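K.L.:
Got a structure for you, questions after.
The values are calculated or read from the model by the stated rules, or taken from the named source; none is laboratory data. Since the structure is predicted, the reported quantities are computational estimates derived from the model, not experimental observations. Positions of Cβ are generated from backbone atoms using ideal geometry, with glycine treated the same way; all protein chains shown enter the neighbour counts.
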Amino acid sequence: MELIWERPEPRGRTAAPVDRRRIVATAVALADAEGLSGLSMRKVGAELQVSPMRLYGYVATKDELLDLMADAVYGEIAAALDDSPEWEEALLAIAVTTRDRALRHEWFVELIGGRPHLGPNALTVMEATAAALARALGPDGADRVMVALGVFNAYLVGAVRNEVSERRVSRESGAEKTQWQASVGAYLGRQLATGRYPTTERILHGKPQGDPAETFAEEVAVIVRGVTHTG
């Protein structure tokens with residue numbers, strides 16, 4: 001089967017100009033507004049003023065459309081990166097930019113972490129990540145690059161998924177969340193007062209919760225130090 005990345009677009013003159021770029025941009029805008037659950041080929045066609053069947057000439061399935069949408073976000077990530085020779089700066093930039101785009105396109109987290117994305121933009125981001133890790137580990141650590149890449153990506157996917165999920169819950173629950181937090185806070189206070197959880201108590205009563213972006217950067221730094229440790 002010829003993949004979407006290598007399949008040429010249909011040619012021909014039509015009354016309503018359509019191409020994959022416009023289809024993907026329209027689908028991304030719809031998903032930003034309504035989530036993936038609100039996305040359909042019918043809605044994309046309506047926005048472009050063409051029938052859904054016309055779209056299937058450009059993308060064979062909805063899954064192909066989702067692949068193209070994910071790669072469009074990877075394109076935003078790739079465009080924000082530079083050729084920093086400092087591997088630590090490069091890894092932090094990749095992580096921070098991925099988080100930024102995931103918060104901008106919340107549906108993106110539903111498409112990452114499963115089967116690998118192999119579009120040109122996704123491969124560009126993967127290459128930048130692997131290259132930075134390879135520089136960090138040096139020639140003697142070449143056999144560790146794949147493991148380091150897996151750990152780095154696993155943290156990144158998990159972190160952005162959690163943050164997006166928390167944002168969604170905050171928007172949807174409202175007063176229920178406030179009541180839940182109050183009841184949980186009281187319960188947790190009683191449990192900590194038993195003295196059975198001293199480490200947890202020190203953590204919770206230690207550094208106050210800071211800015212999510214700063215916390216994320218601190219966690220990325222810990223992960224980077226761990227996966228690039230050569231001792």
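K.L.:
Which condition does R104 not pass, out of (1) crowded, with 16+ Cβ neighbours inside 10 Å; (2) closer than 27 Å to F216 by Cβ, if it passes all the others?
P.N.:
All conditions are met except number (1).
K.L.:
Can you tell me how many residues in region 102-112 are of a type in the set (D, E, K, R) and either in contact with a strand residue (DSSP E or B) (Cβ under 9 Å, 6 or more places away or on another chain) or within 16 Å of Y155 (Cα to Cα) (or both)?
P.N.:
The initial filter retains those residues of region 102-112 that are of a type in the set (D, E, K, R), namely 104, 106, 110.
Of the ones still in play, those that are also either in contact with a strand residue (DSSP E or B) (Cβ under 9 Å, 6 or more places away or on another chain) or within 16 Å of Y155 (Cα to Cα) (or both) are 110.
The qualifying residues number 1.
K.L.:
Scan region 169-178 and give yes if some residue there is surrounded by 10 or more Cβ atoms within 10 Å (Cβ to Cβ), modelled with pLDDT of 85 or more and assigned to a helix (DSSP H, G or I), otherwise no.
P.N.:
no
K.L.:
I need every pair where a residue in region 77-97 that is assigned to a helix (DSSP H, G or I) has its Cβ under 8 Å from the Cβ of a residue that is among the small types (G, A, S) and surrounded by fewer than 14 Cβ atoms within 10 Å (Cβ to Cβ), sequence separation at least 6 or different chains.
P.N.:
Partner pairs satisfying both residue conditions: V96/A213.
K.L.:
Next question. I need the full set of residues from region 115-149 which are closer than 14 Å to G75 by Cβ and of a type in the set (G, A, S), in order please.
P.N.:
Listed by number, the residues that qualify are G119, A122, A128.
K.L.:
Which of the following residues is of a type outside the set (G, A, S) and within 22 Å of D19 (Cα to Cα): L66, L92, L81? Walk me through how you get there before you give the answer.
P.N.:
On the way: L92 fails: within 22 Å of D19 (Cα to Cα); L81 fails: within 22 Å of D19 (Cα to Cα).
Criteria check complete, one pass: L66.
K.L.:
Restricting the search to region 38-96, which residues are of a type in the set (D, E) and either surrounded by fewer than 16 Cβ atoms within 10 Å (Cβ to Cβ) or under 15 Å from the mean Cα position of the chain (by Cα) (or both)? Outline the logic, then answer.
P.N.:
Let us first name the residues in region 38-96 that are of a type in the set (D, E), namely 47, 63-64, 67, 71, 76, 82-83, 86, 88-89.
The answer is E47, D63, D67, D71, E76, D82, D83, E86, E89.
K.L.:
Could you list, in sequence order, the residues of region 115-128 that are assigned to a helix (DSSP H, G or I) and within 14 Å of the chain's Cα centre (by Cα)? I'd like the intermediate steps shown before the answer.
P.N.:
Step one: filter region 115-128 for residues assigned to a helix (DSSP H, G or I), giving 120-128.
Answer for region 115-128, where residues must be assigned to a helix (DSSP H, G or I) and within 14 Å of the chain's Cα centre (by Cα): N121, A122, V125, M126.
K.L.:
When residues of region 81-109 are filtered for being more than 19 Å from L133 (Cβ to Cβ) and touching a helix residue (DSSP H, G or I) at 6+ places or on another chain (Cβ under 6 Å), how many remain?
P.N.:
Taking region 81-109 and keeping what is more than 19 Å from L133 (Cβ to Cβ), we get 100-109.
Checking which are touching a helix residue (DSSP H, G or I) at 6+ places or on another chain (Cβ under 6 Å) leaves us with 101-102, 105-109.
Qualifying residue count for the region: 7.
K.L.:
Here is a further query. Please state which of the following conditions G119 fails to meet, knowing it meets all the rest: (1) farther than 26 Å from M41 by Cβ; (2) buried (at least 16 other Cβ atoms within 10 Å of the Cβ).
P.N.:
G119 satisfies all of (1) farther than 26 Å from M41 by Cβ; (2) buried (at least 16 other Cβ atoms within 10 Å of the Cβ) except (1).
K.L.:
Looking at L66, is it of a type outside the set (K, R), at pLDDT 95 or above and closer than 26 Å to R115 by Cβ?
P.N.:
On the way: of a type outside the set (K, R): yes; at pLDDT 95 or above: yes; closer than 26 Å to R115 by Cβ: yes.
Criteria met by L66.
K.L.:
Mind counting the residues in region 41-75 that are among the hydroxyl-bearing types (S, T, Y) and in contact (Cβ under 8 Å) with a residue 12 or more places away in the chain? Before the answer, list the steps.
P.N.:
Pass one, region 41-75, residues among the hydroxyl-bearing types (S, T, Y): 51, 56, 58, 61, 74.
Adding the requirement that they be in contact (Cβ under 8 Å) with a residue 12 or more places away in the chain leaves 56, 58, 74.
The qualifying residues number 3.
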